[in-house]
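Student: Let me give you the structure first, and then I'll get to my questions.
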Amino acid sequence: MSLGRIVTATVGLAVTVFLALPLVYAVWVSFSPDSFLTPPVERWSLRWYAAFLTDRRWTAALVRGLAIGLVAALIAVAAGVPLAFAIARHRFRGRRAIAAAVLLPLSVPAAVLGMGLLPVMHATGLWGQPLGTALVHGLLGLPVIYLIARRHLDGVNPHLEAAARGLGATPWQTARRITLPLLRPAVTTGAAAAFALSLNEAMVSLFLATPTTETLPALAWAQLRYSPSPLVAVASCVSVAVGATVALAVTHRWTRRNGVERTAPSTVAGSPCESIRETL
Amino acid sequence: MNRPLTPYLLSLPAAGLLLTMLASPLLLLLRMSLHRGGQGRVFYVPGTWTLDSYHDVTDAYGLRMLGYTVLFGAGVAVLTVAAGYATALWLRDRTPRRRRLVLAVVLAPKLASVLVVLFGLQLLLADTGPLNRLLQAAQLSDGPVRLLRGPVGAVVGESALIFPYSILILYTHLTTIDPTFEAAARGLGASAWQRFRRITLPLSAPGLALAGELALVWGMGAFLGPLLLGGPAETTLSVEVHRQAFDHSRWPRAAAEAVLLTLTVLACLAAYGGAVRRWRRRT
């Protein structure tokens, strides 16, 4: 075994353990029977889960987060998929500019966006409205969906669309019968990713959090900063479980409908989106 | 489909979202930073134009914070890209089953919540936490080593949030390299180091450049790691923006800091881009 292999294996294992350990430890502590932040060894309890589920503030934040996540995913799909189509299939003025601009939400620091959004929300009357948070989360999901849809579109043979047009289909029919069904896996993956992103988004949510818009991360943040308790871990476990169930249920129903083969352009094996779907 | 309006109509929703939720916040941020600060519960005095906030932000304290933010971002970027690259290289040579398992572990923190990861790190790194007890049991230190509330905690915390992305980007780029290249090089007698130096490294350079760029941007914009695991003395600009806006209700000052952060990030990106271009021309 060469030195290089030893180094990469050591670092790789160390990084993997480093990434897994905090999560495992936090979940372990969430079964603690008392308020000490030590992992339970002999006595395990669901006390903190009961505390979470009986507290109106936490459950309301959970439900609100799910609703915001679904709306955010819809917004991201409605904006990102048509854009990916326009950029992949059309040449038009401003194409390069918008193709670059759509990636900006990935790299604008959250504090900058959050600070700028404060006056925007106040000016538009969206302050304290969950819709405002959903719109921002939609913006954050936009580049993700766009990239996934774009990659899929590059894998879809444009001759299929040309053939449909040649056979007399209108542009709308072509989009509905050929392009959209072929794009379905990308849309579901992208929507699931945007949903998960919104559910866990903590930073912008924190800037926009009011009692009527706070989601779990915003609520957990205050706990974490001032009085850490296993409730934070419980909140995260519950939100992951519920979020994964909702995402799976929605995407499953959606992919089943119309009975389209889901495997159509599987050119993206091993890409981030595939891995995300696997883990989801 | 060839009507000239179609692409514009298709881009309309995205353009609208980008304009209302991205462009207008950035513009209003600029305007907000030029207001005079208010007193008490008043966030700012409407209708005023002044550069006071920029004057406040660029004092010695502000500039030290700016320097810390840049150093912090660079440190996090170097750490996550170097260790992430090693991890991706290691991952590439695993069996498909192992690879899926490791990828799931790497992605799990992103699907859980950033806060639960930081909560776990808070517990693990605490003065009386498992890591410190381990260190003392191994006689490596007498008292507790302060891992939290300092730069170490902040870097560790923020890196934990960025690692999944850098590993994924680097790994996807590594998998696009045609494996026959390496096999051919091996057949021609190239050593493992030569194969890495001449084939893997140049072909994964775009991935390294991208991962580095994103890690730099996210590291400099770091907020949750420094806020929850870092010390009060060394804060990044993002933390300071939040503190000014919410703890002190000084919106113009917070906005000026946000503008300063944006300009710094842009400057660092330009410098980084130049360095990457020079490096790739050389290799």
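Student: Going residue by residue through the range B:87-105, is there one that turns out to be touching a Phe, Trp or Tyr at 6+ places or on another chain (Cβ under 6 Å) and either more than 27 Å from A:A192 (Cβ to Cβ) or surrounded by 15 or more Cβ atoms within 10 Å (Cβ to Cβ) (or both)?
Tutor: Yes, the conditions are met somewhere in the range B:87-105.
Student: Could you list all residues from the range B:246-269 that are among the small types (G, A, S) and either surrounded by 24 or more Cβ atoms within 10 Å (Cβ to Cβ) or not in a helix (DSSP H, G or I) (or both)?
Tutor: B:S249, B:A254, B:A255, B:A256, B:A258
Student: Identify, please: which residue in the range B:207-234 is in contact with a helix residue (DSSP H, G or I) (Cβ under 6 Å, 6 or more places away or on another chain) and in a loop (DSSP other than H, G, I, E, B) and is, among those, nearest to B:G153 (Cα to Cα)?
Tutor: B:G230
Student: For the range A:147-215, which fully contained helices (runs of 4 or more DSSP H) count at least 1 residues that are crowded, with 21+ Cβ neighbours inside 10 Å and in contact (Cβ under 8 Å) with a residue 12 or more places away in the chain?
Tutor: Where helices (runs of 4 or more DSSP H) fall fully within the range A:147-215 and carry at least 1 residues being crowded, with 21+ Cβ neighbours inside 10 Å and in contact (Cβ under 8 Å) with a residue 12 or more places away in the chain, they are A:180-200, A:203-208.
Student: Of the numbered conditions (1) more than 10 Å from every other protein chain (Cβ to nearest Cβ); (2) exposed (fewer than 13 other Cβ atoms within 10 Å of the Cβ), A:V17 satisfies every one except a single condition; which is it?
Tutor: Only one criterion in (1) more than 10 Å from every other protein chain (Cβ to nearest Cβ); (2) exposed (fewer than 13 other Cβ atoms within 10 Å of the Cβ) is unmet by A:V17, namely (1).
Student: Name the residues in the range A:20-51 that are within 13 Å of another protein chain (Cβ to nearest Cβ), surrounded by fewer than 17 Cβ atoms within 10 Å (Cβ to Cβ) and either outside any loop (DSSP other than H, G, I, E, B) or in contact with a Lys or Arg (Cβ under 8 Å, 6 or more places away or on another chain) (or both), would you?
Tutor: A:V24
Student: Kindly establish whether B:A126 is at the interface with chain A (Cβ under 9 Å from one of its Cβ atoms), within 26 Å of A:M203 (Cβ to Cβ) and more than 22 Å from the chain's Cα centre (by Cα).
Tutor: Against the criterion (at the interface with chain A (Cβ under 9 Å from one of its Cβ atoms), within 26 Å of A:M203 (Cβ to Cβ) and more than 22 Å from the chain's Cα centre (by Cα)), B:A126 qualifies.
Student: Consider B:Y272 against the criteria (1) exposed (fewer than 11 other Cβ atoms within 10 Å of the Cβ); (2) under 23 Å from B:L201 (Cα atoms): it satisfies all of them except one. Which criterion is unmet?
Tutor: It fails just one condition, (1).
Student: Any idea which residue in the range B:216-245 is surrounded by the fewest Cβ atoms within 10 Å (Cβ to Cβ), counting only those that are farther than 12 Å from A:F207 by Cα and among the small types (G, A, S)?
Tutor: B:A233
Student: Pull out all pairs, ordered by first then second residue, where Cβ-Cβ is under 6 Å, the residues are six or more apart or on different chains, the first lies in the range B:213-240 and is more than 7 Å from chain A (Cβ to nearest Cβ), and the second is of a type in the set (D, E, K, R) and surrounded by 24 or more Cβ atoms within 10 Å (Cβ to Cβ).
Tutor: B:A222/B:E158; B:G225/B:E158; B:L237/B:E257; B:E240/B:E257
Student: If a residue must be in a helix (DSSP H, G or I), surrounded by fewer than 13 Cβ atoms within 10 Å (Cβ to Cβ) and not polar (S, T, N, Q), how many such residues does the range A:1-14 contain? Steps first, answer last, please.
Tutor: Taking the range A:1-14 first, the residues in a helix (DSSP H, G or I) are A:3-14.
Keeping just the survivors that are surrounded by fewer than 13 Cβ atoms within 10 Å (Cβ to Cβ) gives A:3, A:6, A:10.
Among the residues that remain, those that are also not polar (S, T, N, Q) are: A:3, A:6.
Summing the residues that are in a helix (DSSP H, G or I), surrounded by fewer than 13 Cβ atoms within 10 Å (Cβ to Cβ) and not polar (S, T, N, Q) in the range A:1-14 gives 2.
Student: Can you name every one of the helices (runs of 4 or more DSSP H) wholly within the range B:1-89 that holds 1 or more residues which are within 30 Å of A:A162 (Cα to Cα)?
Tutor: Hits in the range B:1-89: B:6-18.
Student: If you don't mind, another one. Working only within the range A:121-146, note down all residues that are surrounded by 24 or more Cβ atoms within 10 Å (Cβ to Cβ), within 13 Å of B:T20 (Cβ to Cβ) and β-branched (V, I, T).
Tutor: Selection gives A:V136 alone.
Student: Condition first: assigned to a helix (DSSP H, G or I) and under 23 Å from B:Q122 (Cα atoms). Can you find one or more residues in the range B:137-150 that meet it?
Tutor: Within the range B:137-150, the subset assigned to a helix (DSSP H, G or I) is B:137.
Checking the rest, the ones that are also under 23 Å from B:Q122 (Cα atoms) come to B:137.
Yes - at least one qualifying residue is present in the range B:137-150.
Student: Could you identify the single residue in B:T87, B:T20 that is at the interface with another protein chain (Cβ under 8 Å from one of its Cβ atoms), of a type in the set (S, T, N, Q) and touching a residue at least 24 places away in the same chain (Cβ under 8 Å)?
Tutor: B:T87
Student: Quick one: which residue in B:P151, B:P164 is in contact with a Leu (Cβ under 6 Å, 6 or more places away or on another chain) and either surrounded by 14 or more Cβ atoms within 10 Å (Cβ to Cβ) or touching a residue at least 40 places away in the same chain (Cβ under 8 Å) (or both)?
Tutor: Criteria check complete, one pass: B:P164.
We did not get these values from a lab; they are worked out from the coordinates using the rules stated. Computed from a prediction, not measured in an experiment: that's the story for all the values here. No Cβ is skipped: glycine too gets one built from the backbone with ideal geometry, and neighbour counts run over all protein chains shown.
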